[in-house]
1. Which members of the range 90-113 meet the condition of being of a type in the set (Lys, Arg) and in a helix (DSSP H, G or I)?
2. How about the range 38-76: which of its residues are of a type in the set (Val, Ile, Thr) and without any contact (Cβ under 8 Å) to a residue 40 or more places away in the chain?
3. Mind checking whether some residue in the range 10-25 is part of a helix (DSSP H, G or I), at pLDDT 80 or above, surrounded by 10 or more Cβ atoms within 10 Å (Cβ to Cβ) and out of contact with any helix residue (DSSP H, G or I) (no Cβ under 6 Å at 6 or more places or on another chain)?
4. For residues that are part of a helix (DSSP H, G or I) and either loosely packed, with under 11 Cβ neighbours inside 10 Å or in contact with a strand residue (DSSP E or B) (Cβ under 6 Å, 6 or more places away or on another chain) (or both), tally how many sit in the range 35-65.
5. Can you find even one residue in the range 77-86 that is without any contact (Cβ under 8 Å) to a residue 60 or more places away in the chain, of a type outside the set (A, V, I, L, M, F, W, C) and surrounded by 12 or more Cβ atoms within 10 Å (Cβ to Cβ)?
6. When residues of the range 114-127 are filtered for being β-branched (Val, Ile, Thr) and either in a helix (DSSP H, G or I) or touching a residue at least 40 places away in the same chain (Cβ under 8 Å) (or both), how many remain?
7. May I ask you to say which residue of Arg46, Arg53 is charged (D, E, K, R), touching a helix residue (DSSP H, G or I) at 6+ places or on another chain (Cβ under 8 Å) and more than 17 Å from Met108 (Cα to Cα)?
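The values are calculated or read from the model by the stated rules, or taken from the named source; none is laboratory data. Since we're looking at a predicted model, the values are computed, not measured. Here the Cβ positions follow ideal geometry from the backbone for every residue, glycine too, while neighbour counts run over all protein chains shown.
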Amino acid sequence: MMSLTPRTTTMYPENETVAFSFKTQLLALAQSVLKWLGCMAHIMCRMVLNAFRHHPSETNETYVQHLWFTTKTSLRFVVLSLLLFVHGVFPFIFVRTVSSQIERIYLMMRSRILQPRREMIENQYDI
C-alpha cells in the first residue's frame with residue numbers, strides 16, 4: 001500500500017551556490033541580450049527615420065512638406081485622368097486642358113529635380 005506522507009528533500013549548500021551562480025549568469029545574459037536588442041531597436045529606428053527623411057531632403061523639403069506636395073500632385077493627376085476620359089468620349093471637350101496641365105506639371109517637376117539627375121533623365125529619354 002502506498003504511503004501518503006510527503007517526501008522531503010534535503011537542501012545541500014553547494015546546490016544553492018550552483019543555483020545562485022546559474023541565476024546570476026542567466027540574469028547577466030538576459031541583461032546583455034536586452035541591451036543588444038535596445039541598441040538594435042535604436043539603430044532600426046534611426047534607419048527608418050533616415051529613410052523617411054532622405055528623399056525629401058534631396059528636394060529641400062521636410063517629410064510633411066513632401067507628403068503635402070505629392071498628395072496635391074496625385075489628386076491633380078486623378079482629376080486630369082477623369083478629364084482625359086471625358087475628352088476620349090467627347091473629343092470636342094477639354095481639347096488642350098489635359099495636355100497643357102501635364103506640361104505645367106512637367107515644368108514644375110523639372111525645377112524640383114537636382115541637376116545631375118535631371119541631366120541623366122534628359123539624356124535617357126532624349127528630352
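1. Across the range 90-113, the qualifying residues are Arg104, Arg110, Arg112.
2. Passing the criteria: Ile43, Val48, Thr62, Val64, Thr70, Thr71, Thr73.
3. Yes, that holds for at least one residue.
4. 18
5. No, the range 77-86 contains no residue that is without any contact (Cβ under 8 Å) to a residue 60 or more places away in the chain, of a type outside the set (A, V, I, L, M, F, W, C) and surrounded by 12 or more Cβ atoms within 10 Å (Cβ to Cβ).
6. Qualifying residue count, the range 114-127: 1.
7. Of the residues listed, the single one that is charged (D, E, K, R), touching a helix residue (DSSP H, G or I) at 6+ places or on another chain (Cβ under 8 Å) and more than 17 Å from Met108 (Cα to Cα) is Arg53.
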